[in-house]
Structure formats: structure tokens, C-alpha cells
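Worksheet: the structure to be examined is printed underneath.
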Amino acid sequence: MNDDKNRNSDETEIARDEGPATGVNRQGSENGDVTVLDSRGDAYSEMPLPDAAELSGRFTRGASQRMTDVGTRGGSTTGWDGGEAAAAWSATHRVVKDRFVLQGQLGKGGMGQVFRALDLRKQEAEDEDAYVAIKFLGEQFSSHPKALISLQREAKKTQQLAHPNILTVYDFDRDGAHVYMTMELLSGAPLSEWESITFAEGTRPTREKLIEEIAAGLAYAHARDFVHSDLKPDNIFVTDSGRLKILDFGIARMAESATSSDSFDAGQLGALTVRYASLEMLQRSAEPHPSDDIYALGVIAYQLYAGKHPFGGASAQEAFDQGLEPEPIRKLAGHRWRAISAALQLERKNRTPSAEAFLKVFTGAQRRRRATVAGILLLALSAGYFAYLSVQEEGPSVPFAELPRDTREAVSESLVMGQRSLDIQDWDGASRYYMQAYELHPRNPDAKEGLAQVLDVLDDRVSSAETQRQREFLLKLFDAYAEHAFFAENARFRRLHDALIAALE
């Protein structure tokens, strides 16, 4: 692959014409060797895993020997700059901050280079997962006066985003002149190469699942006033267990500028990928908005299904100037195409405003809701309506075991994801997953229990709301939830909803 293409990651298509792409594959062999491939699939280096006891002895000699070469050179100290790591790398190990043993480069990103590292502190604690990813500030930023601020803010922001579909960031630190952050280590490939991954049996994700997980991660971040601002396939990773992770919120900017104590904007570093950037981002005509990420999501979703860019690779500005429109994907269900088409609207005023709104249309939740209402109205006109209602109040009209297999699997997956979201206090994710389970299997007892816990949180938020703005935000949330059968039928929810309306009158 030539240097020009290496420098221009935005040229990557999700589906390539020249054949299947090679994914990132990090698998240990029987003799302990690890082959590390970068994001383009080229073999970077091959080296043996270090001996734990030997390393523990070598890496406790004090700060004066940080960044020490512990390979075949007898422990001599070697200077190393994070921006030149790839060029300087050899088949040796280096240690950072007397703690992280670098073992190979994983790839390059907009903010720097990422390496696989053994965390000696985790190893001493006998942690079963002692490996992390460590990311160093890239040389293109090292001379920028605000580069350190950008990376520090990246770590601080992303540490607040605890969601199954967002990369977990552990810490931000420096070792001398070398600034870095540590993150969870992933095994898999970028979204552009996901089809090359060897998934465990039963874990291969569908395109629908990939798109829904991107939207779920964005919805979680947007609810906390984060806008990614550079969503693209290179910033999305698919693990070999079938989980999708959004990477690199380093260029993310707070949607509410008042929440930041200074005026620094990571966008000043020029972090923007033209083919996935919204018209407003290119024109710099408006403040960052969740709909900017929705445009990028629309482009990615289109590429996943059609194998090409919706505007033939043209930017949003070029598409707007030339009056271009994406060719419909005729093999898609109508509601999925409507969701993608609305996300690809070039002007913000016409575009889907949020990830939650995108999910409602893409998953068919709105369509199912309308069908449910129509069905209930039809039942209300029949003599058997009250008998139906009495059965519904007691529990599901169809036992779980009698549901179609696909439906049972979908319900079970939604319930598992709902519980995982509860475990990390992701109330937005929990409500979405439990509502999905409830819609697939009305009055499912586990879904009802999960949604009751979400309602407990809503109750607490209403009780603690002190400002008009907080109440207005909650009312919008309640208005959205009121469209769902569980909440619409719940007396406590209706009481809280009415109380919010009264408080704002």
C-alpha cells in the first residue's frame, strides 16, 4: 500500500472492489510468539512474549531508567519520541513509567500511535487480563501548542463514557516528554475490514446490529452532551466477539460549550474527515451538534449495505453544490432506508436530529408502535377486548417458550444487554434494550422488572430537578417514553409526567 494512501485514511471504503481486506489479528501461538498486524493488515513485527519474572526484576530500577530498551542491547537506555515510534521500532521491548512493557504497534490514528503493552501492575495483582493499549501523542501534534490539552481532554472526556459500544479509557499520564493514555485492548478489526474477522461461533454480527450499536453508543454520548465530530470506519472497531466499539473521542467537542472551563476546541487541530463530515462542519457555519454524527452514521450505514459512498466519494459541500442524491438501496426494508435517507440529508434542518430518533425508525419501533395501537383499537371494538385486557395485565399472552426461535433469541439478547447497561448505570441504554425486549414479547416479566428500575431512576431525577432547564429536559424525555406501551400503561409514570407538566406551567 503506498504512502499516499497510508496518509489518507478517509479513502478507505467499507466494501472494497479489489477483494477482501485483511483484518487486525492478534493470536498467540503455542510457543508464545505474537504476530502483531497493523490496521492495514501488513505484518509489523514478530516477537516472543516477555518472561514475567525477568521483567519484574528489570523494571524496578527507578525513574532514571524509564523508556529502557530491555531487548538484546543489554539494558541500555534509548531515547524515543512517541511521534517517531513506528520508524524507531525494532524487535525489542521498551517500558514506560516503570509499568507498561511495549510489545508491538497496533496502528495509527488521528491523535497518535497505539501499542500493545503488558501492565506490570496488573500482572503483579494476578489480573487475568494484564494487557492494555497505550496511545502516544502523534508527531503531527507534538509541536502544536495545544496538543497536550487535546489529549488530556480526550482522556478526561472518554473516561466519563461508560458504555458497551464506546472504548474504555483507563488513564492519562506522561513519562518525561512522552504523553500517553491507556485504554482497553481490543482484538478484531476496523469496521472497514470487519468481514475478514474470524468470529466465535454465533457471534458474527449482522449489518443491522453494527449500525444499531453505533447509534446506541452515539445516543449515550449525545445524552451527555458529547459530539464525536469525526465518526468514520477507522474510528469504529469490531471485536472478534462481535462487539462494536466507537474509538477516539479525542476530537469530540462538548455540545454545550459552557461545560468547558476554557475556550480550547479540538477542532482547531483540523481533526475532520471530509467524506464523513456534515455540511455544517465543512462550512463551520454552526456549533457542533449530534446531527453531525448522524450524517456520518448515514454515510457508514449506506456503505455497509451498498459497498460504496452515497455521493460517490463527494463531500457534503460538493454534493450540495451539485444537487447530488444517494441512490436508493432497494434491497432494504422500507423503514431502514427511510432512516438512512433521513440521516443523509445535507442540510441540518432536514436531517435526523438524534441517534435515538434514528434508532426508532431504523429498528422499526415507530412502525411496531403504530401497529400495536391499531391492534388495540381493533380489539377495543370487539366483544373480547376486556377478556384480552385481563390476560395482558397478568403477564404475556404468549409464553416465552412458544415464541419463534429468532424472537426468543432477540428477546434474550436485549435482556442481557439491558442488564449490562444497568450494571454500568447506563440508564439510556437500559431503557432502550428493555423496551426492545418488551416490544418483542409484550409484558415480559424480566423486561418489566428492568423498566421498573429505569422508572425508579426517572422518579429520582424528577424529585431532584431544581431548575427550569432540568425540568424541560426531563419533560422531553418523558414525552418520548410516553410513546412506549410499558410507560403509557404505568400509573406512576403518568403521575410523574403530569407533575412535570404542572411544574412547567
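The values are calculated or read from the model by the stated rules, or taken from the named source; none is laboratory data. Computed from a predicted model, the values in this text were never measured in an experiment. So basically every Cβ, Gly included, is an ideal-geometry build from the backbone, and we count neighbours across all protein chains shown.
Given the structure, is R351 of a type in the set (D, E, K, R) and at pLDDT 95 or above? Answer is yes for this residue.
Screening A271, A301, A252 for residues that are out of contact with any strand residue (DSSP E or B) (no Cβ under 7 Å at 6 or more places or on another chain), surrounded by 20 or more Cβ atoms within 10 Å (Cβ to Cβ) and either closer than 29 Å to W427 by Cβ or at pLDDT below 90 (or both) leaves exactly one candidate, A301. Filtering segment 394-412 to residues that are assigned to a helix (DSSP H, G or I) and surrounded by fewer than 18 Cβ atoms within 10 Å (Cβ to Cβ) leaves E394, F400, A401, E402, R405, D406, T407, R408, E409, A410, S412.
Matching residues to (1) part of a helix (DSSP H, G or I); (2) modelled with pLDDT under 85:
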residue: K122; (1), (2): yes, no
residue: A133; (1), (2): no, no
residue: Q152; (1), (2): yes, yes
residue: H163; (1), (2): no, no
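Within segment 407-434, residues that are at pLDDT 85 or above reach partners that are among the acidic types (D, E) and surrounded by 15 or more Cβ atoms within 10 Å (Cβ to Cβ) with beta carbons closer than 7 Å, at six or more positions or on different chains, in the pairs L415/D446. With the requirement that a residue be touching a strand residue (DSSP E or B) at 6+ places or on another chain (Cβ under 8 Å), at pLDDT 95 or above and closer than 15 Å to E347 by Cβ, what does segment 274-298 give you? Hit for segment 274-298 is D292, nothing else. For segment 429-460, a residue qualifies if it is surrounded by fewer than 21 Cβ atoms within 10 Å (Cβ to Cβ) and not aliphatic (A, V, I, L, M), and the qualifying residues are P442, R443, P445, D446, K448, E449, Q453, D456, D459, D460. Inside segment 184-231, residues that are assigned to a loop (DSSP other than H, G, I, E, B) and of a type outside the set (V, I, T) make up a count of 15. All conditions but one from (1) surrounded by 22 or more Cβ atoms within 10 Å (Cβ to Cβ); (2) assigned by TED's automatic domain parsing to the domain that holds I294; (3) farther than 25 Å from H309 by Cα apply to R224; the one that does not is (1).
Consider segment 413-428. How many of its residues are buried (at least 22 other Cβ atoms within 10 Å of the Cβ) and charged (D, E, K, R)? Residues that pass the stated criteria total 1. Scanning segment 267-317 for residues being part of a helix (DSSP H, G or I) and touching a helix residue (DSSP H, G or I) at 6+ places or on another chain (Cβ under 9 Å) gives a total of 29. Within segment 321-344, the set of residues being more than 16 Å from Q303 (Cβ to Cβ) and either touching a strand residue (DSSP E or B) at 6+ places or on another chain (Cβ under 6 Å) or not in a loop (DSSP other than H, G, I, E, B) (or both) comprises D321, Q322, G334, H335, R338, A342. Scanning segment 462-473 for residues that are touching a helix residue (DSSP H, G or I) at 6+ places or on another chain (Cβ under 6 Å) and in a helix (DSSP H, G or I) turns up V462, R471.
Among the residues making up segment 165-183, those that are in a strand (DSSP E or B) and either under 21 Å from the mean Cα position of the chain (by Cα) or hydroxyl-bearing (S, T, Y) (or both) are I166, V169, Y170, D171, F172, Y180, M181, T182, M183.
In segment 463-472, the count of residues that are under 27 Å from the mean Cα position of the chain (by Cα) and touching a residue at least 60 places away in the same chain (Cβ under 8 Å) is zero.
Taking the numbered list (1) of a type in the set (D, E); (2) over 29 Å from K360 (Cβ atoms); (3) at pLDDT 90 or above in turn, E327 passes all entries but (2).
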